[in-house]
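S.K.: A single structure is presented below for examination.
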Amino acid sequence: MRVSEFNQNPPGVSFYLAIAGGVAGWNEIALHLWMLLPAAAVSAGVYVLAKRMNADGVMAALLAVTAPGFVVSASTLMADVLMLALYTWCVLLWIQGLDMRSRTMLGASAACGAAAILTKYFAVSLVPLLLVYTIARERRPASHWWWLAVPVLVLGAYQWHTARLYGHSLFSSAAAYAAGNSEGGVTSLGVTLAGLCFAGGCFAGIGFAAPIVWRRRALAGWMLVAALSIAAVGLVPGFVAAPDVTKLSAASYVLAGAFIAGGIHVFAVAGLVLRRERSAETLLLLLWLGGTFVFSVFVNWTVNARSLLPMIVPASIFLAKALPSGPAVNHGQWGRWMPVAVAAVLSMAVSYGDYQLAGASRDAAAQLGEKYRGDAEHTWFEGHWGFQYYLEREGFRALDYTRLDRLAAGDRVIIPSHNTNVRYFDPALAREI
């Protein structure tokens, strides 16, 4: 298939990696090191944005970069963290541009917004987000608002260019894909719980902060919320989308319930801050948080950590604003940093598990190469991702479904059990090898 047919993201991260490969070389270590730059940009952006909103910048930045969802996403070569970096700096530069009435900063914000859209389509949400924030802040239209049209014009030009180039507009194709490939058999309540479960797990540090944020009576209420969440996991139809494939153990039900309670806590903290402080900035954070959740859970084709990742910026700033300081801290000044420390340990464990899973493809390719390298001409494989990368490095060829006539009697086809877009042959025509 042509990339324009199956890739549902714009090419921003591909261009970034092309620069990285050209400068540092096409190897895993160099490319991963280059992807740390967007991660650092997210951290710096959260710090400055939190300071601008009268929150503890160090706390907010550490909460963001130690979140399990962020750590795992930042260790990949995918578009999400680069888009989040551009998204965060677009918001930050827009606020500072309005503060200083600086055309330079507003133009830089518009450029970051356009680049974010060309990295991942979700960034188109920047336009309504910043428009609502600006209206709430300034109350009347002003000439500098036209900068928000720049990302829209860039997206329109991208639509027109890809339609000319490929015969179909890629942004429209991605929207149609999301609408037509949603998870089946999942109720609205089930998918909401799934979204809360992902949010609670991906941003675990915010859940760990509950003993510091709330008084004892409120903590008892959170224990009840957690118990009800555990019960909901077992009772709500469709929470597990494919029960024949994904069977949850009793411990998994408890963990999922705890994560759901953590996801509810993310929004409870936002509500706590909103009750204390009514401003255009808190409205911006709330819309950023809630809008991302609604898109990821109800619009996107499946619930996943990468889609929820933009929530980590407003969620971290909300918690940094909600955490007490000084004598009001329940467990002393060191206790205030407990959520960051626990989240960091959990993130390292999850990241190590993700690394081991990725390494399984490399190890499998090495073993298959040792066994069949001498007969590579008659050995094919299916599957993509790292499995394809490592097997091609071993000298094997990917099977082209449009050229099955190239298969000869006696050829072998390697089919991974956990991968994407694989097909199994009719047992009458082929036997498993």
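S.K.: Only one of these is open to solvent by less than 40 Å² (accessible area, probe 1.4 Å) and free of Cβ contacts under 8 Å to residues at least 24 places away in the same chain: GLY57, GLY21, GLY69. Name it.
M.R.: GLY21
S.K.: Against the condition surrounded by fewer than 18 Cβ atoms within 10 Å (Cβ to Cβ), more than 26 Å from HIS144 (Cα to Cα), within 16 Å of the chain's Cα centre (by Cα) and among the polar types (S, T, N, Q), how does THR76 come out, does it pass?
M.R.: Taking the combined requirement at face value, the residue satisfies it.
S.K.: Further question on the same structure: Is it fair to say ALA50 is among the hydrophobic types (A, V, I, L, M, F, W, C) and out of contact with any Asp or Glu (no Cβ under 8 Å at 6 or more places or on another chain)?
M.R.: no
S.K.: What are the residues in segment 366-394 that are among the small types (Gly, Ala, Ser), at negative phi and touching a strand residue (DSSP E or B) at 6+ places or on another chain (Cβ under 9 Å), if any?
M.R.: Hit for segment 366-394 is ALA376, nothing else.
S.K.: Going through segment 359-382 one residue at a time, which ones are among the polar types (S, T, N, Q) and not in a helix (DSSP H, G or I)? Explain how you work it out, then say what you get.
M.R.: Pass one, segment 359-382, residues among the polar types (S, T, N, Q): 361, 367, 379.
If the condition is that a residue be among the polar types (S, T, N, Q) and not in a helix (DSSP H, G or I), then THR379 is the only one that fits.
S.K.: Would you mind telling me which numbered condition in (1) on the phi > 0 side of the Ramachandran plot; (2) open to solvent by 60 Å² or more (accessible area, probe 1.4 Å) PHE6 fails?
M.R.: The failed condition is (1).
S.K.: Within segment 25-37, identify whether any single residue is among the hydrophobic types (A, V, I, L, M, F, W, C), closer than 22 Å to THR282 by Cα, in a loop (DSSP other than H, G, I, E, B) and in contact (Cβ under 8 Å) with a residue 12 or more places away in the chain, and answer yes or no.
M.R.: So far as segment 25-37 goes, no, none of its residues is among the hydrophobic types (A, V, I, L, M, F, W, C), closer than 22 Å to THR282 by Cα, in a loop (DSSP other than H, G, I, E, B) and in contact (Cβ under 8 Å) with a residue 12 or more places away in the chain.
S.K.: Take the residues in segment 392-421 that are under 19 Å from VAL3 (Cβ atoms) and hydrophobic (A, V, I, L, M, F, W, C), then tell me which one is nearest to the chain's Cα centre (by Cα).
M.R.: It comes out as ALA398.
S.K.: Here's a follow-up. Would you confirm, using the coordinates I've provided, whether ASP375 is within 24 Å of ALA39 (Cα to Cα), of a type in the set (Asp, Glu), at pLDDT below 95 and surrounded by fewer than 17 Cβ atoms within 10 Å (Cβ to Cβ)?
M.R.: When the stated conditions are applied, ASP375 does not pass them.
For (1) farther than 15 Å from GLU281 by Cα; (2) touching a residue at least 24 places away in the same chain (Cβ under 8 Å); (3) of a type in the set (A, V, I, L, M), each residue gets a yes or a no:
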{"residue": "ASP80", "(1), (2), (3)": "yes, yes, no"}
{"residue": "LEU93", "(1), (2), (3)": "no, no, yes"}
{"residue": "SER102", "(1), (2), (3)": "yes, no, no"}
{"residue": "LEU129", "(1), (2), (3)": "no, yes, yes"}
{"residue": "ARG137", "(1), (2), (3)": "no, yes, no"}
{"residue": "PRO151", "(1), (2), (3)": "yes, yes, no"}
{"residue": "TYR158", "(1), (2), (3)": "yes, yes, no"}
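S.K.: Answer with yes or no whether ALA305 is open to solvent by less than 50 Å² (accessible area, probe 1.4 Å) and within 24 Å of the chain's Cα centre (by Cα). Give the derivation first.
M.R.: Working: open to solvent by less than 50 Å² (accessible area, probe 1.4 Å): yes; within 24 Å of the chain's Cα centre (by Cα): yes.
Taking the combined requirement at face value, the residue satisfies it.
S.K.: Restricting segment 99-145 to residues that are in contact with an Asp or Glu (Cβ under 9 Å, 6 or more places away or on another chain) and among the basic types (Lys, Arg), which is surrounded by the fewest Cβ atoms within 10 Å (Cβ to Cβ)?
M.R.: ARG137
S.K.: Let me ask something else. Does SER43 satisfy the criteria of being free of Cβ contacts under 8 Å to residues at least 12 places away in the same chain, out of contact with any strand residue (DSSP E or B) (no Cβ under 6 Å at 6 or more places or on another chain) and open to solvent by less than 70 Å² (accessible area, probe 1.4 Å)?
M.R.: So SER43 does not fit the description; no.
S.K.: Then there's this: Residue by residue through segment 24-39, note down the ones that are open to solvent by 60 Å² or more (accessible area, probe 1.4 Å) and aliphatic (A, V, I, L, M).
M.R.: Hits for segment 24-39 are ILE29, LEU33, LEU36, LEU37.
S.K.: Against the condition in a helix (DSSP H, G or I) and touching an Asp or Glu at 6+ places or on another chain (Cβ under 8 Å), how does LEU148 come out, does it pass?
M.R.: no
S.K.: Could I ask something else about it? Considering only segment 153-170, state which residues are in contact with a helix residue (DSSP H, G or I) (Cβ under 6 Å, 6 or more places away or on another chain) and under 13 Å from ALA115 (Cα atoms).
M.R.: Scanning segment 153-170 gives VAL154, LEU155.
The values are calculated or read from the model by the stated rules, or taken from the named source; none is laboratory data. Predicted model only: the values in this text are computed from it and were never measured. Reconstructed Cβ throughout: ideal geometry from the backbone, glycine too, with neighbour counts over all protein chains shown. Surface areas here come from the heavy atoms of the whole protein model, side chains and all, with no ligands, DNA or RNA. Shrake-Rupley method; radii C 1.70, N 1.55, O 1.52, S 1.80 Å.
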